[in-house]
Amino acid sequence: LALAENITIGVIKNLLRLQYLMQYHSDRNLKSIDPVVQKILAIALYHLFFFDRIPASAAVYQAVEQPRRFGQSKAAGFVNAVLLKAARDPAAPLPPRTSAADYANIVLSHPPELFLKLEQLLGKEGALDFCAHNQLEPPVIIRASADISDLVSPSDGPITLTPHEQSGMYVVTGARRAHLASWAARGLAQAQDPTAAAVVAHLHAEPGRTLLDRCAGLGTKTM
């Protein structure tokens, strides 16, 4: 499940670049590629260029098998040819940073309409930095309900907790999902987005007041 989630988010975040690579390595425009085949190629190209947890050979093999599952056996050869070309020639030409809108669109997967608005707000370089930051993998952050020395034992391996700028929150490196689940179950810490958590400070919550969270999810803001 975690692997599928990682791949899904990665493909969505880098879709415009993946579509560019798809067209470059196939010598075809998107309109001429079946939508299902586009999805198969996007996932496979993400494996090849952004993901190192699955060998390239396995990614290509799985992608070539997928068209048959969707009743498009004839597309298997096309998928295989595109991915083999991509594996042999990974250095597709990309626009330079000096061509800001094209760079944001293709390299950073931020469409021109969005980049133009960001440029108006932040300036060209600020907008590019903003787009690049969006593409980074976000850190794991927790809100601790107990002394952080109670969270990690020597048997857990190299887990690091670095204080976040928001009081009571820590950036976690080296922890697995099992660690996060265990801390939450024991009431010691909960994974939480600091930006979402910042909403709470504006509620003016005080003893005696009743608050209704109409979109509680896991209830991290409620906590």
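Some observations on this one:
- Flag for residue 52 being surrounded by 12 or more Cβ atoms within 10 Å (Cβ to Cβ) and of a type in the set (Asp, Glu): no
Table: residues versus (1) closer than 17 Å to residue 35 by Cβ; (2) touching a helix residue (DSSP H, G or I) at 6+ places or on another chain (Cβ under 6 Å); (3) modelled with pLDDT of 90 or more; (4) open to solvent by less than 50 Å² (accessible area, probe 1.4 Å).
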position: 67; (1), (2), (3), (4): yes, yes, yes, yes
position: 83; (1), (2), (3), (4): no, yes, yes, yes
position: 88; (1), (2), (3), (4): no, no, no, no
position: 98; (1), (2), (3), (4): no, no, yes, no
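- Scanning region 20-40 for residues that are free of Cβ contacts under 8 Å to residues at least 24 places away in the same chain and open to solvent by 60 Å² or more (accessible area, probe 1.4 Å) turns up 23, 27, 28, 29, 31, 35, 39.
- The single condition from (1) part of a loop (DSSP other than H, G, I, E, B); (2) open to solvent by 80 Å² or more (accessible area, probe 1.4 Å) that residue 146 fails is (2).
- Residue match in region 8-31 (condition: at pLDDT below 90 and under 30 Å from residue 132 (Cβ atoms)): no
So that you can scan it fast, the table gives a plain yes or no per residue for (1) under 29 Å from residue 41 (Cα atoms); (2) part of a helix (DSSP H, G or I); (3) not polar (S, T, N, Q):
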site	(1), (2), (3)
66	yes, yes, no
81	yes, yes, yes
152	no, no, yes
162	no, no, no
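- Within region 6-19, none of the residues are surrounded by 15 or more Cβ atoms within 10 Å (Cβ to Cβ), over 19 Å from the mean Cα position of the chain (by Cα) and assigned to a helix (DSSP H, G or I).
- Just one residue in the set 68, 88, 97 is basic (Lys, Arg) and within 22 Å of residue 135 (Cα to Cα); that residue is 97.
- Selected residue (only one of 187, 219, 208, 174 is touching a strand residue (DSSP E or B) at 6+ places or on another chain (Cβ under 8 Å) and on the phi > 0 side of the Ramachandran plot): 174
The values are calculated or read from the model by the stated rules, or taken from the named source; none is laboratory data. In this text the structure is predicted, and so the values were computed from the model without any measurement. No Cβ is skipped: glycine too gets one built from the backbone with ideal geometry, and neighbour counts run over all protein chains shown. Ligands, DNA and RNA are excluded from the accessible area calculation, which covers all protein heavy atoms including side chains. Shrake-Rupley method; radii C 1.70, N 1.55, O 1.52, S 1.80 Å.
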